[in-house]
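The values are calculated or read from the model by the stated rules, or taken from the named source; none is laboratory data. Computed from a prediction, not measured in an experiment: that's the story for all the values here. Heads up, the Cβs are rebuilt from the backbone with ideal geometry, glycines too, and the neighbour counts pull from every protein chain shown. Surface accessibility is based on the protein's heavy atoms, side chains included, excluding ligands, DNA and RNA. Shrake-Rupley method; radii C 1.70, N 1.55, O 1.52, S 1.80 Å.
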Amino acid sequence: MDRIEHLKELFQPVFEKNNVNLYEVVFKNSGKDHTLEVSIMKPDGTMDLDTCAIVSEELSEILDAEDPIQEEYTLEVCSPGAEREIRNFDEIAQGMYVYVRLKHPFKKMLEFTGEILDVNEDGLIHLAYRDKAATRKAEFTKDDIDFIRFAVKF
């Protein structure tokens, strides 16, 4: 088991206790500085500072007791952000505002930002997007998606 998987296993009881889901555990290195970043979110996709602080305190206790990391580092518990990558296609639902990059062009376009109008049981996605002054529709399958993330609508 690698170090990240071991940490996820150690942290799981804290996530369950605080009713949060793990989004990602990653080590970030910047010169001599090392950061253990733990991104979490509530089941509804939101996150608040108080929950991050509580989880950070409880993870710190585990890390101090277990000492699984043999180097100096800073623990950072945070939200994955409003424009986080959608990693599980089951999360895609009607009404979401997303940025999508396709593997192959649809009407000569690879990238779209818009609202999901519909997702059917076959994985067909209908998206409404703005093209200059007009609202247009794109249609593609989950298999056509190269990358998808939540987007903030302005």
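The residues of the stretch 50-66 that are hydroxyl-bearing (Ser, Thr, Tyr) and surrounded by fewer than 16 Cβ atoms within 10 Å (Cβ to Cβ) amount to a single one, Ser60.
Run down Ala128, Ala133, Ala93, Ala82 and say which single residue is at pLDDT 95 or above and either more than 30 Å from Val20 (Cα to Cα) or under 16 Å from the mean Cα position of the chain (by Cα) (or both). It would help to see each step written out before you state the result.
Numbers: Ala133 fails: at pLDDT 95 or above; Ala93 fails: at pLDDT 95 or above; Ala82 fails: at pLDDT 95 or above.
None of the others qualify; the one that does is Ala128.
Residue-by-condition table, conditions (1) at pLDDT below 90; (2) more than 30 Å from Ala128 (Cβ to Cβ):
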residue: Glu16; (1), (2): no, yes
residue: Cys52; (1), (2): no, yes
residue: Glu57; (1), (2): no, yes
residue: Ala65; (1), (2): yes, yes
residue: Phe89; (1), (2): yes, no
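A count restricted to the stretch 67-124 and to residues that are assigned to a loop (DSSP other than H, G, I, E, B), among the basic types (Lys, Arg) and open to solvent by 50 Å² or more (accessible area, probe 1.4 Å) stands at 3. Number of residues in the stretch 2-60 that are closer than 19 Å to Arg149 by Cβ, in a loop (DSSP other than H, G, I, E, B) and small (Gly, Ala, Ser): the value is 1. Among residues belonging to the stretch 1-39 that are under 13 Å from Val55 (Cα atoms) and acidic (Asp, Glu), point out the one that is surrounded by the most Cβ atoms within 10 Å (Cβ to Cβ). That would be Glu37.
Is there a residue in the stretch 99-109 that is among the basic types (Lys, Arg) and either under 28 Å from Pro13 (Cβ atoms) or modelled with pLDDT of 95 or more (or both)? Scanning the stretch 99-109 turns up at least one residue that is among the basic types (Lys, Arg) and either under 28 Å from Pro13 (Cβ atoms) or modelled with pLDDT of 95 or more (or both). Please tell me if Met47 is surrounded by 15 or more Cβ atoms within 10 Å (Cβ to Cβ) and in contact with a Cys (Cβ under 9 Å, 6 or more places away or on another chain). It is true that Met47 is surrounded by 15 or more Cβ atoms within 10 Å (Cβ to Cβ) and in contact with a Cys (Cβ under 9 Å, 6 or more places away or on another chain).
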